[in-house]
1. Restricting the search to the stretch 104-127, which residues are free of Cβ contacts under 8 Å to residues at least 12 places away in the same chain, part of a loop (DSSP other than H, G, I, E, B) and open to solvent by 30 Å² or more (accessible area, probe 1.4 Å)?
2. Does Asp338 satisfy the criteria of being open to solvent by 40 Å² or more (accessible area, probe 1.4 Å) and under 17 Å from the mean Cα position of the chain (by Cα)?
3. From Val191, Val184, Val146, Val202, grab the single residue that is touching a strand residue (DSSP E or B) at 6+ places or on another chain (Cβ under 8 Å), in a strand (DSSP E or B), in contact (Cβ under 8 Å) with a residue 60 or more places away in the chain and under 30 Å from Asn239 (Cα atoms).
4. Output the number of the condition that Thr140 fails; it satisfies all remaining conditions of (1) within 16 Å of ligand 4 (Cβ to nearest atom); (2) under 28 Å from Thr19 (Cβ atoms); (3) part of a loop (DSSP other than H, G, I, E, B).
5. List the pairs whose first member sits in the stretch 1-28 and is part of a loop (DSSP other than H, G, I, E, B), whose second member is among the charged types (D, E, K, R), and whose Cβ atoms are under 7 Å apart, counting only residues at least 6 apart or on separate chains?
6. Against the condition in contact with a strand residue (DSSP E or B) (Cβ under 7 Å, 6 or more places away or on another chain) and touching a residue at least 60 places away in the same chain (Cβ under 8 Å), how does Ala315 come out, does it pass?
7. When the residues of the stretch 38-53 are filtered to those that are more than 11 Å from ligand 3 (Cβ to nearest atom) and farther than 13 Å from Gly295 by Cβ, which remaining residue is surrounded by the most Cβ atoms within 10 Å (Cβ to Cβ)?
8. Would you say Val266 is crowded, with 23+ Cβ neighbours inside 10 Å and within 16 Å of ligand 4 (Cβ to nearest atom)?
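The values are calculated or read from the model by the stated rules, or taken from the named source; none is laboratory data. The structure displayed is predicted, hence computed values, not measured ones. Here the Cβ is made from the backbone with ideal geometry for all residues, glycine too, and neighbour counts use every protein chain on show. Ligands, DNA and RNA are stripped out before the accessible areas are found, and what is left, the full protein with its side chains, is counted by its heavy atoms. Shrake-Rupley method; radii C 1.70, N 1.55, O 1.52, S 1.80 Å.
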Amino acid sequence: MDVRAAVAFEAGKPLEIETVQLEGPREGEVLVEIKATGLCHTDKYTLSGADPEGLFPAILGHEGAGVVVEVGSGVRHLKPGDHVIPLYTPECRECKSCLSRKTNLCTAIRATQGKGVMPDGTSRFSFRGKPIHHYMGCSTFANYTVLPEIALAKIRPDAPFDKVFYIGCGVTTGIGAVLFTAKVEAGASVVVFGLGGIGLNVIQGAKMVGADKIIGVDINPAREAIARKFGMTDFVNPNDLGPNGDIVGHLVELTGGGADYSFECVGNPTLMRQALECAHRGWGVSTIIGVAGAGQEISTRPFQLVTGRRWIGSAFGGARGRTDVPKIVDWYMENRIDIDDLITHRLPLERINEGFDMMARGESIRTVVEF
Ligand SMILES: NC(=O)C1=CN([C@@H]2O[C@H](COP(=O)(O)OP(=O)(O)OC[C@H]3O[C@@H](n4cnc5c(N)ncnc54)[C@H](O)[C@@H]3O)[C@@H](O)[C@H]2O)C=CC1
Ligand SMILES: N[C@@H](CCC(=O)N[C@@H](CSC=O)C(=O)NCC(=O)O)C(=O)O
Ligand SMILES: [Zn+2]
Ligand SMILES: [Zn+2]
């Protein structure tokens, strides 16, 4: 079938809107009509060429929501008409990782997903007879896409697509990192580096669990007001500390000795180090969420860990997609979490590049593309 897609033909170039061909679902696969998709920083990162797994041409996009149109043979849990959220972290419930109960990082299809193909090693998308790569197993920058059944969370039919698409990445990543990965407890002090589409959801999660002090760090002063609305108690703009400002010392002082929990939501190894080092001696836990470019590495003095700080990471907020995503949709529908205030811009697919430009200028939190 013909579908409309924003295609990434080359790293560093704008997306191009084209009619591409999509094959129907094979065994275990599902054809989904995408109704809404968000622009996450990770899409921008891959398009920039900094992603060591970045492949071109590809149809990017991994934060979406839509409706099942057709199912392939052997699909057991979904049927046409079901409302779904694509999962870049699938949940097969059968692999060693799923069965371990220690991680959400299902390994059933990770190898082929990283190569931009479906589990059988082929692509369903093509343009002028040549294959186009899938992206993060989702490719939501197209009005129709094909995914394995294990990479779809079935959600309630009354949830609005133009809001709950965000649970496909940003909301779950931020809130989940607090609840499922770091397991922040009531009364804790929390420092969040980066108050974008992810960091604001970390703030929202910290407020939900009853954290006491919630400090946000960002170089964009416009982020202070929205972060306060989501529960931030203190704002620090590192630029206000001057060229030789000691951000770590400042945060340690603000938290009365160090944060119980810190989160890096930018993708900058320098900030990852600062986030670790502002954590409290003896027990502070620092969670890396940001994705850093190819070749970048983190460093710190081993003494920081010897003296009891812990450095951990979180992918998709530690959430098990098919199990947890429908629950998070319920939280939204019950007004227990706020998504609406974070969706700052709406665009048609034809103007998707404007969304990435606004992200680069720090003007948007989340832009939604509606089909
Ligand atoms: N681990 C995971 O599962 C996921 C990771 N990510 C990653 O999380 C990171 C954040 O993503 P988004 O929130 O969508 O990005 P964003 O672009 O919306 O937000 C980034 C924020 O960081 C701030 N910032 C930039 N440089 C800074 C600095 N030097 N000091 C303080 N603040 C600074 C920006 O002003 C902005 O507010 C990205 O690296 C993204 O790839 C995103 C989704 C899932
Ligand atoms: N391809 C990158 C890795 C990018 C990465 O870490 N992705 C996150 C999700 S980011 C969503 O917006 C993730 O879930 N990682 C786990 C995984 O298995 O990829 C690289 O190679 O550096
Ligand atoms: Zn994302
Ligand atoms: Zn699995």
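1. Answer for the stretch 104-127, where residues must be free of Cβ contacts under 8 Å to residues at least 12 places away in the same chain, part of a loop (DSSP other than H, G, I, E, B) and open to solvent by 30 Å² or more (accessible area, probe 1.4 Å): Gly121, Thr122.
2. yes
3. Exactly one residue qualifies, and that residue is Val191.
4. (1)
5. Between residues of the stretch 1-28 that are part of a loop (DSSP other than H, G, I, E, B) and residues that are among the charged types (D, E, K, R), the close pairs are Phe9/Glu16; Glu23/Arg124; Gly24/Glu70; Pro25/Glu70; Arg26/Asp120; Gly28/Glu149.
6. Taking the combined requirement at face value, the residue does not satisfy it.
7. Taking the candidates together, the pick is Leu47.
8. Considered against the rule, which asks whether it is crowded, with 23+ Cβ neighbours inside 10 Å and within 16 Å of ligand 4 (Cβ to nearest atom), Val266 comes out as no.
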